[in-house]
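Colleague: First, the structure itself, so that you have it in front of you.
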Number of protein chains: 2
Amino acid sequence: MSLKHALLGFLNYHPYTGYDLKAIFDRSVQHFWAADQSQIYRTLGQIAEAGWAEIEVVTQTERPDRKLYHITEAGRRELKAWLTSPVPVERPHSAPMVMVFFAGLLSNEEALPLFEQAVAYAEGALAQYDTAPAVIAEYQQEIGSEREAYFWNLTLELGRKTAEAQLAWAQGVVAALTSDEIPTDQEGAAP
Amino acid sequence: MSLKHALLGFLNYHPYTGYDLKAIFDRSVQHFWAADQSQIYRTLGQIAEAGWAEIEVVTQTERPDRKLYHITEAGRRELKAWLTSPVPVERPHSAPMVMVFFAGLLSNEEALPLFEQAVAYAEGALAQYDTAPAVIAEYQQEIGSEREAYFWNLTLELGRKTAEAQLAWAQGVVAALTSDEIPTDQEGAAP
DNA sequence: AGCATATATATGAAAACTCATATAAGGAGG
DNA sequence: CCTCCTTATATGAGTTTTCATATATATGCT
């Protein structure tokens, strides 16, 4: 899995806690990697066990102690090795597309919400892409270089293009569904 | 998970064996749902246990007996209920994008293969989309209606648009990388 | 006063997925 | 002749992911 490597990628910039990393994920790479909290903590444990990071416990009196993960040389090597290894072949698992595939079973009225939700989802994604560059600029000042930011932006570009394609597609289907342009299988249906 | 429902979707057309379904998945919905063989058999078991399908054993002498799964009324209800339920929010997990995000760590030469592989992948996907309509036409004759085929094609359309966007994106990055248009972080680098 | 939110970590249990392997026989191609 | 592919089902073992829940305190909002 590459959650390990995504975490390593951030730890390579700076030591972070699990809590920090959850926030970072939600703000920056959510569009291509959504990690849940428990998974982050567990994976951080594995990273430490593998010797890719060392834990610095920062004692706090009023809150639970923070566990800062510092990447090790072995961790940096692992990250770089992964980055230069063959790109894993994605196995897509898209439930929404399964729904579309079998939507012919439904009436147009029943199928509509599927595509309306797709429109809403794509619009939401696009809205996030509007605010993302500011987040990147912020991180760039903190830890990143111009070069890093270039590649961060590349992921945004593709995400945006994809979301735009999805939006146009879903809007087209909504239009077709509401204007009854779709075959209904009643033999002798309006041509 | 919606492998259950994807399987149910096909069983709704016709009774199939696990072996059949594996072949069908690989030929028709692979672009948005890649299921592996062992997972299909296990899930089929769950479907039968849930009462969504009944098993007809077709005895064969020279080969293992076939187990044909016939969808039940309960299975049809479940399928339709799922199809009209809220679209699940996708949690994207794209390892290739994680690689791109952290590719700034690599030199241009080291980063190149990442995008070359993306180009090759997108070209491969596009080639599959070229042959897919023929597969759909074939299935349509067997089991599908014009309406069903309409929705099948919708998934292809979005898949193709997405693959095209990916290809253009990856080709652009390859061009930028090979012409050294990318920031290098050597302070005082060529402006 | 009460309630939600932010800070911070962690586990139990289950579901889902992957990878390798097993069995068994016929047919195709080199 | 031998190897690979197709037909057909199945399990063991492990990894990854999800979902719910637990603990503890401070702050801000209504």
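The values are calculated or read from the model by the stated rules, or taken from the named source; none is laboratory data. Note that the coordinates shown come from a computational prediction; the quantities given were computed from them, not determined experimentally. Reconstructed Cβ throughout: ideal geometry from the backbone, glycine too, with neighbour counts over all protein chains shown. Side chains are part of the model used for accessible areas, which takes the heavy atoms of the whole protein and leaves out ligands, DNA and RNA. Shrake-Rupley method; radii C 1.70, N 1.55, O 1.52, S 1.80 Å.
Colleague: Could you work out the relative contact order of region B:3-83, using alpha carbon pairs under 8 angstrom and six or more residues apart, expressed as a whole percent?
Modeller: On the way: 94 pairs, mean separation 29.5, N = 81.
Normalised by residue count, the contact order of region B:3-83 is 36 percent.
Colleague: Counting other C-beta atoms within 10 Å, and keeping those with at most 12, which DSSP coil GluC sites (Glu not before Pro) do you find in region B:30-115?
Modeller: Those satisfying the criteria are B:Glu62.
Colleague: Return the subset of B:Lys22/B:Lys80; A:Lys4/A:Lys67; A:Lys22/B:Lys4; B:Lys4/B:Lys67; A:Lys161/B:Lys4 for which the Cα-Cα distance in this structure is over 25 Å, preserving the input order.
Modeller: Numbers: B:Lys22/B:Lys80 22 Å; A:Lys4/A:Lys67 17 Å; A:Lys22/B:Lys4 31 Å; B:Lys4/B:Lys67 17 Å; A:Lys161/B:Lys4 31 Å.
Beyond 25 Å: A:Lys22/B:Lys4; A:Lys161/B:Lys4.
Colleague: Round to the nearest 10 and give me the degree value, 0 to 90, for the angle of helix B:73-83's Cα axis relative to the longest principal axis of chain B.
Modeller: 20
Colleague: In addition: Tell me the distances, shortest first, between B:Pro88 and the same position across the other copies, using label points 7 Å along Cα→Cβ, in nm to one decimal.
Modeller: Once sorted, the set of distances for B:Pro88 reads 1.8 nm.
Colleague: Given the options A:Leu156, A:Leu83, A:Leu21, which has the most mean-square fluctuation in a GNM of chain A, springs set between C-alpha atoms less than 10 angstrom apart?
Modeller: Result for chain A, Cα springs under 10 Å: A:Leu83 fluctuates most.
Colleague: Per residue of region A:167-173, what does 6.51 cos²θ - 1.76 cosθ + 1.60 with θ = phi - 60° give for ³J(HN,Hα)? Whole Hz please, x for Gly and Pro, Karplus curve as stated.
Modeller: Here the 3J(HN,Hα) series is 4, 4, 4, 5, 5, x, 5 Hz.
Colleague: For A:Ile71, enumerate residues with amide H under 5 Å from its amide H, sequence gap 5+ or separate chain, H modeled in the peptide plane.
Modeller: Those qualifying (amide H under 5 Å, at least 5 residues apart or on another chain) are A:Glu54.
Colleague: Please report, in debye to the nearest 20, how large the charge dipole of region B:1-102 is about its Cα centre when each Lys and Arg carries +1 at its beta carbon and each Asp and Glu carries -1 there. If you can, show how the numbers build up before the last one.
Modeller: Details: 11 positive and 11 negative charges, 39 e Å.
Dipole of region B:1-102, to the nearest 20 debye: 180 debye.
Colleague: Give me the distance between the Cα centres of region A:127-191 and region B:110-161, rounded to whole Å.
Modeller: Their Cα centres are 19 Å away from one another.
Colleague: How large, in percent, is the carbon and sulfur part of the accessible surface of region B:3-83 at a probe radius of 1.4 Å? Display every interim value, and only then the final one.
Modeller: Numbers: 1990 of 4180 Å².
For region B:3-83, the apolar C and S fraction of the accessible surface comes to 48 percent.
Colleague: How far is B:Gln171 from the same spot in each other copy, in nm, shortest first, if each label point sits 7 Å from Cα toward Cβ?
Modeller: Nearest to farthest, the other copies are at 2.5 nm.
Colleague: Another question about this same structure. Would you work out which of B:Ser107, B:Ile47, B:Ala170 lies farthest towards the positive end of the dipole of chain B? Charges go on Cβ: Lys and Arg +1, Asp and Glu -1.
Modeller: Farthest towards the positive pole: B:Ile47.
Colleague: Report relative contact order for chain B in percent, whole number only (criteria: Cα-Cα under 8 Å, sequence separation at least 6). Mind showing how you got there, number by number?
Modeller: Values: 155 pairs, mean separation 37.8, N = 191.
RCO, chain B: 20 percent.
Colleague: Pop out the ³J(HN,Hα) list for region A:135-145 in order, Karplus 6.51 cos²θ - 1.76 cosθ + 1.60 with θ = phi - 60°, rounded to Hz; leave Gly and Pro as x.
Modeller: Once θ is set to phi - 60°, the couplings for region A:135-145 become 4, 5, 4, 5, 5, 4, 5, 5, 10, x, 9 Hz.
Colleague: While we're here: Between copies, how far apart are the A:Asp26 label points? List them in nm, one decimal, shortest first, with each point 7 Å from Cα toward Cβ, please?
Modeller: List, nearest first: 4.3 nm.
Colleague: Quote the FRET efficiency, to the nearest 0.05, computed for B:Asp26 versus B:Ser85 with a Förster distance R0 of 35 Å and r equal to the Cβ-Cβ distance.
Modeller: On the way: r = 27 Å, r/R0 = 0.77.
With R0 = 35 Å, the Cβ-Cβ based efficiency is 0.80.
Colleague: Against the longest alpha carbon principal axis of chain A, how many degrees, from 0 to 90 and to the nearest 10, is the axis of helix A:37-49 turned?
Modeller: Roughly 40 degrees, rounded to the nearest 10.
Colleague: Compare A:Ala95, A:Ala50, A:Ala165 in a GNM of chain A, Cα atoms joined below 10 Å, and give the one with the largest fluctuation.
Modeller: Among A:Ala95, A:Ala50, A:Ala165, the largest GNM mean-square fluctuation belongs to A:Ala95.
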